[in-house]
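The values are calculated or read from the model by the stated rules, or taken from the named source; none is laboratory data. Just so it is clear, the structure is predicted and the values come from calculations on it, not from any experiment. Please note: Cβ atoms are built from the backbone with ideal geometry, for glycine as well, and neighbour counts cover all protein chains shown.
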Amino acid sequence: MLISSFWSGDAIRSRRVSDVVLSGTVDVPAPPARLLADWERETSSRMVLEPGDVEAMPLARARARWPDYRRCVQAMSDWTCALGLPAVLASSDVALMACRGARYHHDGVQYGGAAFCNLFLSEDRGLDLHFPSLGHRIPLTRGTAVIFDTGQPHGVIQRGSSGFNAADFAPDQDCIQLFLTWELPIEDTHVGHALKVAFDIDPSTSLQLDAEQVRLNGEPAIVCPDSGRWCRVD
(Lines give C-alpha, C1' and ligand atoms only; values in the text may rest on other atoms or scores of the structure.)
Protein backbone atom coordinates (compact mmCIF):
# COMPACT_ATOMS: atom_id res chain seq x y z
CA MET A 1 0.00 0.00 0.00
CA LEU A 2 1.26 3.44 -0.94
CA ILE A 3 0.75 6.15 1.64
CA SER A 4 1.31 9.85 1.02
CA SER A 5 1.99 12.17 3.93
CA PHE A 6 1.31 15.74 2.85
CA TRP A 7 0.96 19.22 4.26
CA SER A 8 -2.62 20.20 5.09
CA GLY A 9 -2.41 23.73 6.46
CA ASP A 10 0.16 23.60 9.28
CA ALA A 11 -0.09 19.85 9.84
CA ILE A 12 0.97 16.67 8.05
CA ARG A 13 -1.96 14.51 6.96
CA SER A 14 -1.90 10.95 5.58
CA ARG A 15 -3.78 9.44 2.68
CA ARG A 16 -3.68 6.44 0.42
CA VAL A 17 -2.09 7.06 -2.98
CA SER A 18 -4.80 6.58 -5.58
CA ASP A 19 -4.52 3.90 -8.25
CA VAL A 20 -7.15 5.67 -10.36
CA VAL A 21 -5.97 7.30 -13.60
CA LEU A 22 -8.56 9.32 -15.51
CA SER A 23 -7.80 9.82 -19.18
CA GLY A 24 -9.46 10.90 -22.38
CA THR A 25 -9.04 13.03 -25.49
CA VAL A 26 -10.28 16.58 -25.88
CA ASP A 27 -10.60 18.54 -29.10
CA VAL A 28 -7.90 21.21 -29.14
CA PRO A 29 -6.47 22.94 -32.22
CA ALA A 30 -2.82 22.63 -33.18
CA PRO A 31 -0.69 25.47 -31.78
CA PRO A 32 0.14 28.10 -34.43
CA ALA A 33 3.38 27.88 -36.37
CA ARG A 34 4.78 30.99 -34.67
CA LEU A 35 4.29 29.42 -31.25
CA LEU A 36 5.72 26.06 -32.33
CA ALA A 37 8.82 27.85 -33.64
CA ASP A 38 9.19 29.68 -30.32
CA TRP A 39 8.92 26.42 -28.41
CA GLU A 40 11.53 24.86 -30.67
CA ARG A 41 13.96 27.70 -29.99
CA GLU A 42 13.30 27.49 -26.26
CA THR A 43 13.88 23.74 -25.98
CA SER A 44 16.85 23.58 -28.36
CA SER A 45 18.91 26.63 -27.44
CA ARG A 46 17.62 28.52 -24.39
CA MET A 47 17.32 25.54 -22.07
CA VAL A 48 19.18 22.26 -21.72
CA LEU A 49 16.57 19.52 -22.05
CA GLU A 50 18.39 16.23 -21.59
CA PRO A 51 16.73 12.82 -22.10
CA GLY A 52 14.30 12.25 -19.25
CA ASP A 53 14.10 15.92 -18.21
CA VAL A 54 10.83 17.70 -17.47
CA GLU A 55 11.14 21.50 -17.34
CA ALA A 56 8.87 24.53 -17.06
CA MET A 57 8.33 26.75 -20.10
CA PRO A 58 7.39 30.48 -20.11
CA LEU A 59 3.58 30.41 -20.15
CA ALA A 60 2.96 34.17 -20.24
CA ARG A 61 5.00 34.54 -23.44
CA ALA A 62 3.27 31.55 -24.98
CA ARG A 63 -0.18 32.96 -24.28
CA ALA A 64 0.74 36.14 -26.18
CA ARG A 65 1.37 33.99 -29.29
CA TRP A 66 -1.47 31.54 -28.69
CA PRO A 67 -4.92 32.79 -29.75
CA ASP A 68 -6.51 29.41 -28.96
CA TYR A 69 -5.19 29.19 -25.39
CA ARG A 70 -8.59 29.96 -23.90
CA ARG A 71 -10.16 27.36 -26.15
CA CYS A 72 -7.72 24.73 -24.84
CA VAL A 73 -8.48 25.66 -21.23
CA GLN A 74 -12.22 25.59 -21.91
CA ALA A 75 -11.96 22.14 -23.48
CA MET A 76 -10.21 20.87 -20.35
CA SER A 77 -12.73 22.60 -18.11
CA ASP A 78 -15.59 20.90 -19.97
CA TRP A 79 -13.82 17.53 -19.65
CA THR A 80 -13.17 17.87 -15.93
CA CYS A 81 -16.73 19.04 -15.29
CA ALA A 82 -18.01 15.94 -17.11
CA LEU A 83 -15.94 13.86 -14.67
CA GLY A 84 -17.64 15.48 -11.69
CA LEU A 85 -15.02 18.17 -11.02
CA PRO A 86 -16.92 21.44 -11.38
CA ALA A 87 -14.90 24.68 -11.30
CA VAL A 88 -11.81 22.99 -9.87
CA LEU A 89 -9.65 23.86 -12.89
CA ALA A 90 -10.35 27.59 -12.69
CA SER A 91 -9.07 27.76 -9.10
CA SER A 92 -5.93 25.66 -9.68
CA ASP A 93 -2.40 26.74 -10.60
CA VAL A 94 -1.43 26.05 -14.22
CA ALA A 95 2.00 25.74 -15.84
CA LEU A 96 3.40 24.98 -19.30
CA MET A 97 5.90 22.13 -19.33
CA ALA A 98 8.21 20.41 -21.81
CA CYS A 99 9.74 16.95 -21.57
CA ARG A 100 12.18 14.88 -23.59
CA GLY A 101 10.62 11.70 -22.30
CA ALA A 102 10.52 11.40 -18.53
CA ARG A 103 12.39 9.09 -16.21
CA TYR A 104 10.15 7.22 -13.81
CA HIS A 105 9.42 9.24 -10.71
CA HIS A 106 6.69 10.36 -8.37
CA ASP A 107 5.96 13.91 -7.24
CA GLY A 108 4.63 13.16 -3.77
CA VAL A 109 7.56 14.83 -2.02
CA GLN A 110 6.83 18.22 -3.60
CA TYR A 111 3.12 17.95 -4.48
CA GLY A 112 1.65 15.44 -2.02
CA GLY A 113 -1.42 17.59 -1.56
CA ALA A 114 -2.29 17.61 -5.25
CA ALA A 115 -3.35 15.58 -8.24
CA PHE A 116 -1.95 16.49 -11.65
CA CYS A 117 -4.26 17.32 -14.54
CA ASN A 118 -2.34 17.36 -17.85
CA LEU A 119 -3.28 18.39 -21.37
CA PHE A 120 -0.75 17.28 -24.00
CA LEU A 121 -0.30 19.69 -26.90
CA SER A 122 2.21 18.00 -29.23
CA GLU A 123 1.47 15.62 -32.06
CA ASP A 124 1.96 11.87 -31.66
CA ARG A 125 5.72 11.25 -31.18
CA GLY A 126 5.35 7.53 -30.51
CA LEU A 127 5.47 8.04 -26.74
CA ASP A 128 3.37 6.71 -23.87
CA LEU A 129 2.66 7.98 -20.38
CA HIS A 130 3.33 4.82 -18.36
CA PHE A 131 2.21 3.97 -14.83
CA PRO A 132 4.29 0.83 -14.15
CA SER A 133 2.72 -0.10 -10.80
CA LEU A 134 -0.70 -0.08 -12.45
CA GLY A 135 0.25 -1.59 -15.83
CA HIS A 136 -1.41 1.42 -17.47
CA ARG A 137 -0.08 3.08 -20.66
CA ILE A 138 -1.60 6.14 -22.34
CA PRO A 139 -0.52 7.04 -25.89
CA LEU A 140 0.37 10.73 -26.02
CA THR A 141 -1.22 12.70 -28.85
CA ARG A 142 -2.51 16.23 -29.20
CA GLY A 143 -5.50 16.54 -26.89
CA THR A 144 -4.62 13.67 -24.54
CA ALA A 145 -5.99 14.58 -21.10
CA VAL A 146 -4.97 12.84 -17.88
CA ILE A 147 -5.64 13.20 -14.14
CA PHE A 148 -3.59 11.17 -11.68
CA ASP A 149 -2.24 11.11 -8.14
CA THR A 150 1.14 12.82 -7.77
CA GLY A 151 2.34 9.96 -5.57
CA GLN A 152 1.82 7.35 -8.29
CA PRO A 153 5.08 6.49 -10.15
CA HIS A 154 4.99 7.47 -13.82
CA GLY A 155 7.27 8.12 -16.79
CA VAL A 156 7.15 9.01 -20.48
CA ILE A 157 8.71 6.24 -22.55
CA GLN A 158 8.89 5.09 -26.13
CA ARG A 159 5.83 3.17 -27.27
CA GLY A 160 6.53 -0.54 -27.23
CA SER A 161 9.40 -0.31 -24.76
CA SER A 162 9.26 -1.73 -21.26
CA GLY A 163 11.17 1.05 -19.52
CA PHE A 164 12.99 4.35 -19.87
CA ASN A 165 16.04 4.34 -22.15
CA ALA A 166 17.91 7.61 -22.68
CA ALA A 167 19.01 6.44 -26.15
CA ASP A 168 15.36 6.66 -27.27
CA PHE A 169 15.50 10.44 -26.79
CA ALA A 170 18.66 11.42 -28.62
CA PRO A 171 19.07 15.04 -29.85
CA ASP A 172 18.30 14.03 -33.44
CA GLN A 173 14.97 12.48 -32.41
CA ASP A 174 11.77 14.55 -32.62
CA CYS A 175 10.53 13.47 -29.20
CA ILE A 176 9.74 16.58 -27.14
CA GLN A 177 6.25 16.81 -25.67
CA LEU A 178 4.64 20.08 -24.55
CA PHE A 179 1.80 20.02 -22.07
CA LEU A 180 -0.24 22.18 -19.74
CA THR A 181 -0.49 20.96 -16.17
CA TRP A 182 -2.81 21.98 -13.36
CA GLU A 183 -2.36 21.19 -9.64
CA LEU A 184 -5.75 20.02 -8.36
CA PRO A 185 -6.11 20.11 -4.55
CA ILE A 186 -6.40 16.50 -3.40
CA GLU A 187 -8.49 17.57 -0.39
CA ASP A 188 -11.15 19.05 -2.67
CA THR A 189 -14.22 16.89 -2.15
CA HIS A 190 -14.75 16.31 -5.85
CA VAL A 191 -11.09 15.51 -6.57
CA GLY A 192 -10.80 13.09 -3.66
CA HIS A 193 -14.02 11.37 -4.70
CA ALA A 194 -13.04 11.08 -8.38
CA LEU A 195 -9.70 9.47 -7.46
CA LYS A 196 -11.20 7.42 -4.59
CA VAL A 197 -8.70 8.74 -2.07
CA ALA A 198 -8.92 7.52 1.53
CA PHE A 199 -7.65 10.08 4.04
CA ASP A 200 -6.12 9.87 7.53
CA ILE A 201 -5.13 6.22 7.24
CA ASP A 202 -1.88 6.56 9.26
CA PRO A 203 -2.34 9.48 11.68
CA SER A 204 0.23 8.27 14.22
CA THR A 205 3.06 8.37 11.67
CA SER A 206 1.92 11.76 10.35
CA LEU A 207 2.37 13.28 13.79
CA GLN A 208 6.07 12.34 13.72
CA LEU A 209 6.86 13.85 10.30
CA ASP A 210 7.99 17.34 9.34
CA ALA A 211 8.12 16.86 5.54
CA GLU A 212 6.04 15.31 2.79
CA GLN A 213 6.88 11.76 1.75
CA VAL A 214 5.53 8.59 0.12
CA ARG A 215 5.91 5.20 1.86
CA LEU A 216 5.37 1.69 0.54
CA ASN A 217 3.87 -0.71 3.09
CA GLY A 218 4.98 1.61 5.86
CA GLU A 219 8.62 1.84 4.74
CA PRO A 220 10.46 4.62 2.87
CA ALA A 221 11.04 3.69 -0.75
CA ILE A 222 12.34 5.21 -3.97
CA VAL A 223 11.43 4.67 -7.61
CA CYS A 224 13.97 3.22 -10.03
CA PRO A 225 14.23 5.87 -12.79
CA ASP A 226 14.71 3.28 -15.54
CA SER A 227 12.18 0.56 -14.65
CA GLY A 228 9.68 2.39 -12.47
CA ARG A 229 9.89 -0.30 -9.81
CA TRP A 230 9.87 0.58 -6.13
CA CYS A 231 13.13 0.02 -4.28
CA ARG A 232 13.66 0.01 -0.54
CA VAL A 233 15.80 2.76 0.94
CA ASP A 234 18.89 1.23 2.56
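Tally the residues that are of a type in the set (A, V, I, L, M, F, W, C), in a loop (DSSP other than H, G, I, E, B) and at pLDDT 95 or above, restricting the search to region 90-125. Here the count works out to 1. Residues considered: 41, 61, 34, 71. Of these, the only one that is over 28 Å from residue 229 (Cβ atoms), without any contact (Cβ under 8 Å) to a residue 12 or more places away in the chain and in a helix (DSSP H, G or I) is 41.
Scanning region 134-154 for residues that are in contact with a Leu (Cβ under 8 Å, 6 or more places away or on another chain) and either outside any strand (DSSP E or B) or small (Gly, Ala, Ser) (or both) yields 140, 142, 143, 145, 151, 152. With respect to the conditions (1) over 19 Å from the mean Cα position of the chain (by Cα); (2) over 30 Å from residue 198 (Cβ atoms); (3) modelled with pLDDT under 95; (4) among the hydrophobic types (A, V, I, L, M, F, W, C), residue 49 falls short on a single one, namely (1). What about residue 94, is it surrounded by fewer than 20 Cβ atoms within 10 Å (Cβ to Cβ) and either of a type in the set (Lys, Arg) or within 28 Å of residue 215 (Cβ to Cβ) (or both)? No. Residue-level check: of (1) among the aliphatic types (A, V, I, L, M); (2) more than 15 Å from residue 21 (Cα to Cα); (3) crowded, with 23+ Cβ neighbours inside 10 Å; (4) within 10 Å of the chain's Cα centre (by Cα), residue 157 misses just (4). Only one of the numbered conditions (1) under 14 Å from residue 22 (Cα atoms); (2) buried (at least 22 other Cβ atoms within 10 Å of the Cβ) is violated by residue 139, and that is (2).
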